[in-house]
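Worksheet for the structure shown next.
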Amino acid sequence: MLNPAQTKSTASVGLFATCLVDLIRPNVGLSAARLLEDAGCTVDVPSRQSCCGQPAYNMGEADGARELARMTIQSFENYDYVVAPSGSCAGMLKLHYPALFADDPVWSKRAQAFSEKVFELVSFLTDVCNVRSVDAKLDCRATYHDACAGLRELGVRDQPRHLLASVKGLELLELKEPNSCCGFGGTFSVNYGDISNAIVEKKAADILSLDVDLLIGGDVGCLMNIEGKLRRQGQTTQVRHVAEVLAGQAGRISTRRAHNREKPA
Amino acid sequence: MKPLSHKFRENAGKALDNPTLQTALKNVPEGFVAKRAKARSKLPEFDALTEQAQQIKSHALAYLDLYLEAYEKQVKASGGHVHWAGSGTDACNIISGICRDAGARLVAKSKSMVTEEIALNAHLEASGFEVIETDLGEYLIQIRGEVPSHIIGPAIHLTKEQIVDDFRRIHVDLPTDRVLDEPESIVNEARLILRDKFLNADVGITGANFLVAETGAAVIVTNEGNADLVQTLPEVHIVVATIEKIVPTTEDATTILRVLARSATGQEISTYTTFTSGPRRESDPDGPRETHVILIDNGRTELLASEFHEVLRCIRCGACMNHCPVYQSVGGHAYGWTYPGPIGAVLTPSHVGIREGYHLPHASSFCGACEEVCPMGIPLPALMRRWRNRAYGEGLTSLRQRLAMKTWLWFAKRPRAYHFATSIFIPVFRMVGRRERLARFLPLPKGWVRHRAFPLPEGSTFQRQWKRRRAGEVQQ
Ligand code: SF4
């Protein structure tokens, strides 16, 4: 594996922000950029980017997905690396783009070469940049949800846990089922909302049984889903993307629950 | 079986609202999932074995014609009969013909999914035969007039209380004050009833987990031993199997058996594993006088030539449904045809058509748990996505969804227009979204907001903030 620290002074990283980060949670993108810069990379955010095309791909609109894939590849193929703060979008870029062009000799080669540069943010920091710890502090009790695509398509599991362990003041507890789906699945959560809800209810129950202040995850889609459920249930558990926590950009986490625990009435 | 897959959404909704079913479904993660994990961790070579198993099946499928002919030859050599059935109807007619020739009245069956697929029981009953299911789960759903909700635990959707009620309702000859509250007393009562049927059955019908080309044997695994009684006590034994059950050698069958039981129930091996071939020989103390094998195609050849061919490696272990969050939530009946869960989401449309089966490959979050646990390495989500491509190509996706997608794509492909639109839309969205009263005027997707708060955007897009940050850096 290439290590930019060894191979050249600074590796150029094209940050694929993902549409949800762009629209809903820009702070995740800013945090990701900061983490990458701290790891010694030069970060660029090409403006010719929008969505990875996964919603179209999963709806069966392969042509539309291919058009977005071509655009993304063109915008990013000249960077040393392409990094996304999402296992799901990184998985799309890395694994499904080559699949989309399997029958196209020219683009299949290009998609393959592009694929090799693509990484999910946290695993890029640990596996490529050799980051072992971060300089961040967050006083609270938290738990981590493994989003499906990062976990199963890209093998992201231990990396975020290792880095989170270096965040001062953060106590990380394990869910009973950290690797079970939260029920998001993109348009699935809208088209089959009732089933999706039954699944996220189980996830919420697992989180609540731990009595934590904060839920951390690596995909804004899943976090939006879980947070939406917790809010609707009137729960106060906070939700943050792992990049925000690692970059020290998670803001204030209310630890009311923790205080209650320490001082039983 | 008449497919009800087009009613998936409706039936899934009913399943979610059924508290008894939801109680019963807890058995899936608590039973199957935990046991498989334990069995896998106890066998370091498990993953290597699954790879071997996949190779065996892929090889057998690549030379299916050769192995089937070899198998037929061996069966004939041991004195059995082989019948080829192109369709389910052909198979049903052949089987009822055999029963008629045998002068049968009572037909005993052991659990077999393919006979569910071809609706054999209904056919035999319409032809005047009494049919009795001898697997406890199958017996339960037979007396309830239901179909299996799981491929290895057909009655997994029932609670103990429901079973006790059914037994009291059906077994009216037994004393009403009998104690019937523990699983053991329930099983004993079923044994008592079924023993009589075993002894009086004229024809026994079993499925097969494998057909061994080398020896002509049919292999069947059970935990109750009922298949052994079904295939040894009656005078006539019929094996019903689809053509992809073939494996080249006995060794191959035993290799796959090692991953089958672990993937299915977490057992190292099923309680009973039986190899049978041909009728009773002179020296045999028991066994059927006459044996038949029905080799059914029913769409397999077509599947083999299609982009879904990998699904034919399936050994029906059930691991994919056990680990599926959708199956765990709605159970098997909502899927509306013989095979539920992820394997059903791929198989069903190939049998009933993508119009009828539209929902099954669509109702998935693509979490990938099924593919992760499938011992046969079947890429279930990718195959479901292929069905989605077909559905989209055939215009089955709703106009609303297609329009929304086209609009999204129009913007997404034009980053300038996209960033301009989002930089206006998002702050407005946030402003309105912050006031709950106004939020209901936003065009929010109902499937989401019925159950979840809608996410409140931070306000300005990332692209904007990034540009601002870059501009700030330059000024410094
Ligand atoms: S698809 Fe795989 S996991 Fe599902 S039943 Fe078949 S072999 Fe088992």
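Computed from the coordinates by the stated procedures, all read-outs in this text should not be read as laboratory data. For clarity, every value in this text was computed on a predicted model and none was experimentally measured. Note that we place each Cβ from the backbone using ideal geometry, even for glycine, and neighbour counts take in every protein chain shown.
Mean separation of Cα pairs under 8 Å and 6 or more residues apart, divided by the residue count, gives the range B:43-298 a relative contact order of 29 percent. Ranked by the mean number of other Cβ atoms within 10 Å of their residues, highest first, the peptides B:425-433, B:103-111 come out as B:103-111, B:425-433. For the residues of B:460-471, the average number of beta carbons from a partner chain within 10 Å of their own beta carbon is 5.
For B:A217, nonlocal amide neighbours, meaning residues 5 or more places apart or on other chains whose placed amide H falls under 5 Å from its own, are B:V212. Derived scalar couplings between HN and Hα for the range B:61-76 equal 6, 5, 10, 4, 4, 5, 5, 5, 5, 4, 4, 4, 4, 5, 4, 4 Hz in order, rounded to whole Hz, by the Karplus curve 6.51 cos²θ - 1.76 cosθ + 1.60 (θ = phi - 60°), x for Gly and Pro. Across all Cα atoms of the protein assembly as shown, the radius of gyration (one decimal) and Dmax (whole number) stand at 28.7, 100 Å.
Counting charges near A:N191 (Lys, Arg +1; Asp, Glu -1) among other residues having Cβ under 11 Å from its Cβ returns a value of +2. 3J(HN,Hα) along the range A:77-90: 6, 8, 7, 5, 9, 10, 10, 10, x, 6, x, 5, 6, 4 Hz, from the Karplus curve 6.51 cos²θ - 1.76 cosθ + 1.60 with θ = phi - 60°, whole Hz, x for Gly and Pro. Considering the range A:53-132 at the alpha-carbon level, its Rg and Dmax are found to be 12.7, 41 Å.
Between B:E45 and B:N188, the simple label model (points 7 Å from Cα in the Cβ direction) yields a spacing of 4.3 nm. For A:L172, the amide hydrogen comes within under 5 Å of the amide hydrogens of A:A142, counting only partners 5 or more places away or on other chains and with H modelled in the peptide plane.
A convex hull fitted to the Cα coordinates of the range B:335-476 yields 183 cubic angstrom per residue. In this simple spin-label approximation, A:E174 and A:E77 carry label points 7 Å from Cα along the Cα→Cβ vector, and these lie 4.3 nm apart. Each 10 Å bin, from zero up to the one with the longest distance, holds this percent of the alpha carbon pairs of the range B:15-60: 22, 28, 26, 20, 4. Kirkwood-type hydrodynamic radius, the range B:43-298: 19.1 Å, calculated from all non-identical alpha-carbon pairs.
In a simple Cβ point-charge model (Lys, Arg +1; Asp, Glu -1; nothing else charged), the range B:43-298 has a dipole of about 320 debye relative to its Cα centre. If you wrap the Cα atoms of the range B:19-107 in a convex hull and average its projected area over all directions, you get 11.2 nm². The mean number of Cβ atoms from other chains found within 10 Å of a Cβ in peptide B:409-420 is 5, as a whole number.
For the range B:39-53, 3J(HN,Hα) computed residue by residue from phi via the Karplus equation (6.51, -1.76, 1.60; θ = phi - 60°) reads 4, 5, 5, 7, 10, x, 8, 4, 5, 5, 5, 5, 5, 4, 4 Hz, glycine and proline entered as x. Could you give log10 I(q)/I(0) at q = 0.16 Å⁻¹ for the range B:315-393, computed by the Debye formula over C-alpha point scatterers of equal weight, without solvent? The Debye formula, applied to the Cα set alone, gives -0.49. Cross-link reach is defined here as a Cα-Cα straight distance under 20 Å, omitting same-chain residues fewer than 8 places apart; for A:K176 the aspartates and glutamates meeting it are A:D146, A:D158, A:E201, A:D206, A:D211, A:D213, A:D219, A:E227, B:E30, B:E372. Taking 25 °C and 0.890 mPa s as conditions, chain A diffuses translationally at an estimated 130 µm²/s according to Stokes-Einstein applied to its Kirkwood radius (Cα pairs). Relative protection proxy for B:308-320, B:74-86, from highest mean packing down: B:308-320, B:74-86 (other beta-carbon atoms within 10 angstrom). Of the peptides B:32-38, B:168-174, the order by per-residue mean of other Cβ atoms within 10 Å, starting with the highest, comes out as B:32-38, B:168-174.
Counting only residues at least eight positions apart within a chain, or on another chain, the lysines with an alpha carbon under 29 Å from that of B:K446 are A:K202, A:K203, A:K229, B:K7, B:K14, B:K26, B:K406, B:K413. Annotation for the range A:13-86: GluC sites (Glu not before Pro) lying in DSSP loop with at most 15 further Cβ atoms inside 10 Å of their Cβ are A:E77. Projecting the Cα positions of A:L95, A:P55, B:G336 onto the charge dipole of the protein assembly as shown (unit charges on Cβ atoms of Lys, Arg, Asp and Glu, taken about the Cα centre) puts A:P55 furthest along the positive direction. A crude spin-label estimate for the pair A:S108 and B:Q52, with each label 7 Å from Cα along the Cβ direction, gives 3.3 nm. Considering only alpha-carbon pairs that sit under 8 angstrom and 6 or more positions apart, the relative contact order computed for chain A is 19 percent. For chain B, the mean projected area of the C-alpha convex hull, equal to one quarter of the hull surface, is 29.8 nm². Only helical runs count toward this figure. For chain A, summing -39,500 (n - 2.57) over DSSP H runs of n ≥ 4 and dividing by all residues gives -12000 deg cm²/dmol at 222 nm. Our estimate of slack between B:N18 and B:T89, defined as 0.36 nm per intervening residue step minus the Cα-Cα distance, is 22.1 nm. Straight-line cross-link partners of A:K109 among the lysines, defined as a Cα under 19 Å from its Cα and at least 8 positions apart when in the same chain: A:K94, A:K117. Amide H contacts of B:V293: B:H81, B:V82, B:H83, B:V239, each under 5 Å away and 5 or more positions distant or on a separate chain (H built 1.01 Å from N in the peptide plane; Pro and chain starts excluded). From a point 7 Å beyond the Cα of B:L444 in the direction of its Cβ, which residues of the range A:232-255 have a backbone N at a distance under 11 Å? The answer is A:232, whose backbone nitrogens lie closer than 11 Å to the label point. Restricting the calculation to alpha carbons of the range A:132-246 gives Rg and Dmax of 13.6, 42 angstrom.
For the range A:118-232, relative contact order (Cα pairs under 8 Å, six or more residues apart, normalised by length) works out to 30 percent.
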